[in-house]
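Before anything else, here's the structure in question.
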Amino acid sequence: MRNLVQPVLTIAVKDIRDALKDRFIILMTAFLLLASLVALAVAAIALKVDVATYAEAKAGLIALGKDASTIPDPAFYPLKLLRGFVEHVEIIGAIIGILIGYRAAASERGRQTLALIVTRPISQWQFLAGKVLAGTAIISSGLILAFVIAGIAVIAISGIVLNPEDIGRLAIVMSAAGLYALAFFLLGFVTALWAKKLPNALLLAFTVWLSFVLIAPQIGDTLDPDNQVAGGVFKQLQIAKPQQVEILQSFSTYETIRNGIEVASPTKHFERLSFAVLGIKDTYAGQPLMPILAEKTSDMIWLLAIALALALLLFARRLDPNRLSKE
Amino acid sequence: MNTYVVETRQLTKRYGEHAAVKNLSLNVERGEVFGFLGHNGAGKTTTIHMLTTLLKPTSGTALVCGKSVTEQSLEARRHIGYVPENVRLYDTMTARANLLFFARLSGVEYPDRRIDETLDFLECRDLAPRLVGSFSKGLRQRIGLAQAILHRPDVLFLDEPTSGLDPMGIKTLRDLIVRLNREFGTTIFMNTHLISEISRTCTSIGVLNQGELVFRDTIEKVTERYGSESSLEELYLSVTPVQAKGAA
């Protein structure tokens with residue numbers, strides 16, 4: 001057993017140490033943290049404006065001698081402040097995942113050290129498992145740091161201490177973010193291992209990133225009529241749920257295509273899950289966690305399936321050490 | 001008991017229509033310092049890559065210490081040490097950290113002790129705490145040699161080991177190879193295109209020309225038959241006629 005595990009751990013530890021010295025990865029992680037804090041600050045300012053507007057309206061009613069108790073106090077969900085943070089994890093987290101994956105293979109190819117590694121008595125799976133383990137550890141550490149900072153920032157901004165359920169929700173989204181970033185790590189790693197030329201690998205990985213992180217979700221969102229009017233087109237037109245269903249039935253093919261484009265994107269699955277669990281999407285705000293998780297199981301399965309499919313691809317194909325040692 | 005450390009039968013590697021190595025049948029005995037001579041592009045590196053399990057042969061068989069490099073590659077690798085032409089290690093790590101990494105991958109039981117012993121043998125213990133990125137080609141080659149012998153392999157494959165070294169570096173490395181062979185009994189399989197290297201270091205010689213083995217004998221017999229180093233050069237040119245005419 002020790003003989004099986006030791007090479008895996010040796011490669012993983014070396015890669016983690018390498019990543020800690022990689023300025024570009026450190027810079028990108030710092031950028032993610034900074035962008036997240038800025039997003040939280042912007043969300044806090046927007047919230048304060050809303051609260052001020054509410055207080056002003058309430059004061060106005062009271063000044064007019066009217067009963068202000070009829071206006072309900074606005075519900076405040078501190079985790080909603082994390083919308084911008086989640087969006088940054090979607091975009092920057094995926095880039096960091098690709099870069100760490102690319103670096104894991106490119107560093108060996110560039111240095112031509114792979115020939116020295118694969119002439120050792122270790123199996124291909126041990127080499128790959130070491131790399132994946134290191135990637136998972138690096139991604140997890142970065143995400144834990146980002147989520148802890150984001151959680152502390154939410155508490156500092158809102159003045160509300162997060163309860164255990166809120167922390168649980170954060171932990172679920174963090175795990176999903178880990179799976180999401182791992183999928184992009186595997187993408188970066190697989191392309192950098194297989195591509196004849198390293199720059200082609202990066203080009204391919206970023207084409208996939210552009211298509212599935214930016215373009216596909218944007219197309220899906222743009223084609224969604226509910227997104228074209230603030231608050232939702234049906235809500236603004238005051239169309240009741242049964243009528244909504246009836247109307248949507250007439251557009252079933254359109255909706256299938258639109259939804260299909262969205263479903264193709266791991267980003268959308270991560271977003272759907274995160275927005276629901278954190279209550280960022282109004283429909284889910286204040287709702288208990290378990291029914292939300294039950295409803296969003298398919299998104300979790302999709303994220304898992306994408307990561308697993310890439311891992312299978314990675315482990316199934318035989319490496320060509322000769323090619324990898326010639327870069 | 002089979003005394004051959006390297007055995008190949010009809011070993012062939014093709015890249016499309018081009019055969020880099022053609023039907024190579026070669027035996028190297030335990031304890032030999034075998035010099036594999038040939039022009040650039042003769043197929044020497046391809047042969048080493050197949051013997052070190054880096055490259056899959058198109059056809060034929062190759063055994064290292066009786067283990068097939070294709071069917072028993074893991075077992076074969078336990079007996080192999082490999083130093084590529086340009087040794088590239090992890091520049092941001094110290095020499096010791098680099099060696100520790102490769103010692104652990106090779107399953108060396110007491111890696112720290114073995115590293116000290118190896119560095120002492122190579123007379124370069126002082127390099128251990130220094131970053132590899134700051135090393136000259138000669139020092140890098142020495143640490144490259146250290147990583148290859150940490151697990152005390154039966155056979156050490158060296159691909160153009162003196163390439164790019166200054167005369168002092170060449171002499172030091174040559175002496176180390178000879179000591180390694182004498183003190184540890186390590187069989188050496190060395191690719192080179194330098195005749196002087198062969199005559200001073202090797203106990204036997206093989207000449208590869210356009211992927212084919214065109215000459216194989218012990219240095220002793222060659223010297224007996226042909227005499228001096230310059231005669232060895234004439235022998236080399238006579239068995240590699242195509243390239244020689246091209247070069248003329």
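Under 20 Å from a point placed 7 Å out from the Cα of A:L145 along the Cα-to-Cβ direction: which residues of the stretch A:62-98 have their backbone N that close?
A:85-98
Give me the percent relative contact order of chain B, please, defined on Cα pairs under 8 angstrom at least 6 residues apart.
Once divided by the residue count of chain B, the mean separation gives 25 percent.
Per-residue mean of other chain beta-carbon atoms within 10 angstrom of the beta-carbon, peptide A:120-127?
5
Please rank A:D166, A:D226, fewest neighbouring Cβ atoms within 10 Å first, as an exposure proxy.
Going from least to most buried by this count: A:D226, A:D166.
Right, another one. Quick one: grab the alpha carbon gyration tensor of chain A, order the square roots of its eigenvalues as a ≥ b ≥ c, and give me rounded if a/c is under 1.5, else prolate or oblate depending on whether a/b is larger than b/c.
It is prolate, given that a/c is not under 1.5 and a/b is the larger ratio.
Which of the aspartates and glutamates could a cross-linker span from B:K22 if the Cα-Cα distance has to be under 13 Å and same-chain partners fewer than 8 positions apart are dropped?
List returned: B:E212.
Taking each full run of DSSP H in chain B as one helix, which ones are at least 30 Å long along their axis (Cα atoms) and have mean Kyte-Doolittle hydropathy of at least 1.0?
On the way: long enough: none.
None pass (Cα extent of 30 Å or more, hydropathy at least 1.0).
What are the lysines whose alpha-carbon lies under 23 Å from the alpha-carbon of A:K66, with same-chain residues fewer than 8 places away excluded?
Reachable lysines: A:K58.
Moving to a separate point now. Mind pulling the angle between the C-alpha long axis of helix A:252-263 and the longest principal axis of chain A? Nearest 10 degrees, somewhere in 0 to 90.
So the inclination is approximately 50 degrees.
Is the protein assembly as shown rounded, prolate or oblate when judged by the Cα gyration tensor, a ≥ b ≥ c being the square roots of its eigenvalues, rounded requiring a/c under 1.5 and prolate requiring a/b larger than b/c?
Values: a/c = 3.60, a/b = 2.62, b/c = 1.37.
Since a/c reaches 1.5 and a/b is larger than b/c, the shape of the protein assembly as shown is classed as prolate.
Net charge near A:L186: determine it from the other residues with C-beta under 14 Å of the C-beta of A:L186, scoring Lys and Arg +1 and Asp and Glu -1.
Around A:L186, the surrounding residues sum to +3.
Also: Going by alpha carbons, how many degrees (0 to 90, nearest 10) lie between the helix axis of A:241-250 and the longest principal axis of chain A?
That helix lies at roughly 50 degrees to the long axis.
A follow-up question, please. If you average the sequence gap of Cα pairs under 8 Å that are 6 or more apart and divide by the length of the stretch B:120-213, what percent do you get for the contact order?
Rounded, it is 27 percent for the stretch B:120-213.
Let me ask another. Give the lysines whose C-alpha is closer than 19 Å to that of A:K235, dropping any in the same chain fewer than 8 places away, or say none.
By straight Cα distance, A:K235 reaches A:K281.
Pick from A:G65, A:G93, A:G135: which residue has the top mean-square fluctuation in a GNM of chain A where Cα pairs under 10 Å get a spring?
A:G65
Separate question: Where does each of B:179-188, B:50-59 land if you order them by average Cβ count within 10 Å, highest first?
Order by mean packing, descending: B:50-59, B:179-188.
In addition: Can you order the peptides B:3-11, A:7-15 by their average number of other Cβ atoms within 10 Å per residue, highest first? Before the final figure, lay out each step's value.
Values: B:3-11: 19.1, A:7-15: 21.2.
Highest to lowest by the protection proxy: A:7-15, B:3-11.
So, one more: Could you derive backbone 3J(HN,Hα) for the stretch A:111-126 from the dihedral phi with the Karplus parameters 6.51, -1.76 and 1.60 (θ = phi - 60°), listing whole Hz in sequence and x where the residue is Gly or Pro?
Values, residue by residue: 7, 6, 8, 4, 4, 5, 6, 7, 8, 8, x, 10, 7, 4, 5, 5 Hz.
Distance cut-off 22 Å, Cα to Cα: go down the list A:K80/A:K296; A:K48/A:K296; A:K21/A:K196 and report the pairs above it.
A:K48/A:K296; A:K21/A:K196
Hey, another quick one. I want to verify a result. In a Gaussian network model of chain A, Cα cutoff 10 Å, which of these has the top mean-square fluctuation: A:V277, A:V190, A:V49?
Greatest mean-square fluctuation among the candidates belongs to A:V49.
Count, for each residue of B:101-114, the Cβ atoms from other chains sitting within 10 Å of its Cβ, then give me the mean as a whole number.
Details: counts 9, 6, 2, 8, 15, 6, 7, 0, 0, 0, 1, 0, 0, 0.
Other-chain Cβ atoms within 10 Å of each residue's Cβ, averaged: 4.
Give me the net charge of B:K22's neighbourhood, meaning all other residues with Cβ under 11 Å from the Cβ of B:K22; Lys, Arg count +1, Asp, Glu -1.
Numbers: positive: B:K13, B:R14; negative: B:E212.
Computed value for this residue: +1.
Hey, how many Å between the Cα centroid of the stretch A:121-163 and the Cα centroid of the stretch A:20-62?
So the two Cα centres are separated by 22 Å.
Right, another one. Would you mind counting up the charge near A:A43? Only other residues with Cβ under 9 Å from its Cβ, with Lys and Arg at +1 and Asp and Glu at -1.
For residues surrounding A:A43, the net value is +2.
Which of A:A171, A:A309, A:A75 moves the most in a Gaussian network model of chain A with Cα springs under 10 Å?
A:A75
Quick note: the coordinates plus some simple rules give every number you see, no bench work behind them. What you see is a predicted model; the values in this text were computed from it and never measured. Glycine also receives a Cβ, built like all others from the backbone with ideal geometry; neighbour counts cover every protein chain displayed.
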